[in-house]
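Read through the structure below, which is laid out as structure tokens, and then see the notes.
The values are calculated or read from the model by the stated rules, or taken from the named source; none is laboratory data. Here the structure is a predicted model, which means the values were calculated and not measured. With ideal geometry, Cβ positions are generated from the backbone for all residues, glycine too; neighbour counts draw on all protein chains shown.
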Amino acid sequence: MAKSRKIPEIAQKTSTFCPGCGHGIAIRLITECLEELGQDKNVMFGIGVGCSSLLGGVLDTDRLHCLHGRASAVCTGMKRVSPDQMVISYQGDGDAYSIGLAETTSAAYRNENFTVFVINNTNFGMTGGQMSTTTLPGQKTTTTVHGRDCTKTGSPIKFPELVSSQFEAAYVARGAVTTPAEINKSKKYVKEALTAQLNGEGYSVVEILSPCPTNWGMTPKQSMDHIMTSVVEHFPLGEFKTREAK
Amino acid sequence: MGDMIKGNHALAEAAVRFGARLYAGYPITPSTEIMEYISWRMPEVGGAFIQAESEIAGINMVIGGAACGIRSFTASSGPGISLKQEGITQLYDEELAAVIINVVRYGNGIGTLYTAQCDYLRETRGGGNGDYRAIVLCPESIQEAVDLLGEAFDLSEKYRTVAVLMTEGALGQMMEPCTLPDFIEPKKNPWGFDGKYSYKKIGIFDRDSMKEAVLINEKHDAIKANEQRWEAVDVEDADYVFVSFGLPGRSTKGAVKALREAGHKVGIIRVISAWPFPEKAFDAVNPDVKGFVTVESNATGQLVEDVALTVKKSYAQNKPVYCLPYVYGIPSTSAIQDDYNRLLAGEIKEAF
């Protein structure tokens, strides 16, 4: 147990995420997996705009704060010239799926050999809780004050399902950071995704459902419960594409 | 003298020889032959070629390559370069070295396919959001384009900034004899990511913009002091000095020669570095010069603004600055001579 509580060396700095935010857990899982795979000193991050920006202050690794939505394009460039290093895109849903949908999708389409982590909290957190493409039907945000009307704004986008059904990705999953059991499953997904990249198997993406108590107007506990009762109805958890047995 | 080669192909081959190992871009006339050539050439030398989903993605892939310290470049034209601006200002902000080739075509919006110089102000003023300048080099021939491409890579790394090679549609499409450079060994710049966090960065929210502003100005001052480039012909005794660049500059040199033969005391400053603007070139000009005349391939006159600012700084008394904007294309030497005579006859008023 002592070993499991050790904070990874590359993520020792204090973060400034809101109380009850799920980003910290996701970062912990990613950095733990990197350390366990012996890749924590062989990694570079493309960091998105939004709450994921705050990751930049946490990590002691090579990292570039990418323009809004472009992390998958930056990571493409990084990986093409650094095939022996681990390359990770760390973004939120607004960054990866709204403004960055072209870059995120195209990297998956090309089956680029890097790993994308999308922290999905169903809204634009950093800018104060606007609708994103993952906002739930009826969810109130600062730009859907009467609740999201999917007849005018579209329905929540399911990127892992898109990638796993249409493209030739190596590994695709969706996890959550709500309960110890889900956190453990998410860690397995993260490790599978990183292992796929490490072995040169191709594109890997893990979407992680994460609470946003500040913008949801809920307590941290209510937020966690909300994910497991409501959010998962639209964003089912699990592996959508598993690694092929070698 | 080297073999005949198309301008865009020469730049693509030269970039490989100068050690570039990442190209990412999106097709657009009249620059496309650069990426077509690179698409098969880069893999031959173990480099990365990525046909991006957009110009925006292309420049961000260049950011990724540059962040790893690898010589990275892209090429485009007109609206494609507009799309790249968010990445160009980001490259500058991150102090990454990269080269952008703008094969300029005429027009606003979607524009046209005519060769032109309408992007002068955009390129020399940074182009993207914020408060920065890129080094901008303007060739008059394919040979000079190749030579300046090498300088663009070197300067972008020396100052850790963006260097733009501003060519023109015609220069990309035409063929000329050109001696290509020798191969140099590709290098990885020390600031490039290696996965080991060898090059430390401060946190995104820990930056001090007041301190950075001082450094920005120091960088710009150093570039202005050291990197002005121009060609001057017959300016020491000239009554009127033409100022031009690129293919129209080459044409203007011809006009100056013909006007001299006809007894007119004229000279030319051909601008090679549009930024830093070659203010030093004006030191050699006849102190009693009667005026300056820009020759440009755009609609409204753009270079003329930099000339007017420099003349204002260089002379105590007012010196008129005229502009001959030929909209698009390459003005003929005879057209320039005719317009010069109209100017002497008072038919063309000064712009400044």
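Structure notes:
- Residue match in segment B:212-224 (condition: within 23 Å of B:E157 (Cβ to Cβ), more than 25 Å from the chain's Cα centre (by Cα) and free of Cβ contacts under 8 Å to residues at least 24 places away in the same chain): yes
- Criterion (out of contact with any His (no Cβ under 8 Å at 6 or more places or on another chain) and free of Cβ contacts under 8 Å to residues at least 40 places away in the same chain) met by exactly one of B:A24, B:A48, B:A20, B:A67: B:A48
- Counting the residues of segment B:165-211 that are modelled with pLDDT under 95, over 30 Å from A:Q39 (Cα atoms) and surrounded by 13 or more Cβ atoms within 10 Å (Cβ to Cβ) gives 0.
- Residues that are over 17 Å from A:V163 (Cβ atoms) and touching a residue at least 60 places away in the same chain (Cβ under 8 Å) number at least 2 in the following helices (runs of 4 or more DSSP H) confined to segment A:1-118: A:23-36.
- When each of A:G69, A:G100, A:G125, A:G94 is tested for being at negative phi, within 14 Å of the chain's Cα centre (by Cα), facing chain B (nearest Cβ under 10 Å) and not polar (S, T, N, Q), the lone residue that passes is A:G100.
- Residue in segment B:150-159 that is more than 23 Å from B:A222 (Cα to Cα), of a type outside the set (F, W, Y) and either without any contact (Cβ under 8 Å) to a residue 24 or more places away in the chain or in the same structural domain as B:E55 (by TED's automatic domain parsing) (or both) present: no
- Some residue of segment B:289-307 being more than 17 Å from the chain's Cα centre (by Cα) and free of Cβ contacts under 8 Å to residues at least 24 places away in the same chain: no
- Flag for A:G20 being more than 16 Å from A:D93 (Cα to Cα) and more than 8 Å from chain B (Cβ to nearest Cβ): yes
- Qualifying residue in segment A:131-140 (condition: out of contact with any strand residue (DSSP E or B) (no Cβ under 9 Å at 6 or more places or on another chain), surrounded by fewer than 24 Cβ atoms within 10 Å (Cβ to Cβ), of a type in the set (K, R) and more than 10 Å from chain B (Cβ to nearest Cβ)): yes
- When residues in segment A:146-192 are screened for being in contact with a Phe, Trp or Tyr (Cβ under 7 Å, 6 or more places away or on another chain), over 18 Å from A:L34 (Cα atoms) and in a helix (DSSP H, G or I), 4 of them pass.
- Residue match in segment A:202-217 (condition: in a helix (DSSP H, G or I), over 19 Å from A:D93 (Cβ atoms) and of a type outside the set (A, V, I, L, M)): no
- Residue match in segment A:188-195 (condition: under 19 Å from the mean Cα position of the chain (by Cα) and β-branched (V, I, T)): yes
Each row is one residue, and each column tells you yes or no for (1) surrounded by fewer than 24 Cβ atoms within 10 Å (Cβ to Cβ); (2) among the acidic types (D, E).
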position: A:H68; (1), (2): yes, no
position: A:G92; (1), (2): no, no
position: A:D95; (1), (2): no, yes
position: A:N113; (1), (2): yes, no
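- Scanning segment B:172-214 for residues that are part of a loop (DSSP other than H, G, I, E, B), at the interface with chain A (Cβ under 10 Å from one of its Cβ atoms) and among the β-branched types (V, I, T) yields one hit, B:I202.
- The test for being in contact with a Ser or Thr (Cβ under 7 Å, 6 or more places away or on another chain) and of a type outside the set (S, T, Y) holds for B:I268.
- Those strands (runs of 3 or more DSSP E) of segment B:21-98 in which at least 1 residues are within 17 Å of the chain's Cα centre (by Cα), surrounded by 21 or more Cβ atoms within 10 Å (Cβ to Cβ) and not aliphatic (A, V, I, L, M), considering only elements entirely within it, cover B:72-76.
- Scan segment B:68-90 for residues that are under 20 Å from B:A15 (Cα atoms), aliphatic (A, V, I, L, M) and in contact with a helix residue (DSSP H, G or I) (Cβ under 6 Å, 6 or more places away or on another chain) and the total you get is 2.
- Of all residues in segment B:133-164 being of a type in the set (G, A, S) and under 18 Å from B:M35 (Cβ atoms), the one that is surrounded by the most Cβ atoms within 10 Å (Cβ to Cβ): B:A145
- Any hit, segment A:33-42, residues being more than 9 Å from every other protein chain (Cβ to nearest Cβ), under 17 Å from the mean Cα position of the chain (by Cα) and crowded, with 23+ Cβ neighbours inside 10 Å: yes
- Residues of segment A:193-205 satisfying the condition of being surrounded by 20 or more Cβ atoms within 10 Å (Cβ to Cβ) and more than 18 Å from A:M44 (Cβ to Cβ): A:G202
- Residue match in segment B:28-51 (condition: among the aliphatic types (A, V, I, L, M), assigned by TED's automatic domain parsing to the domain that holds B:E168 and closer than 22 Å to B:G126 by Cα): yes
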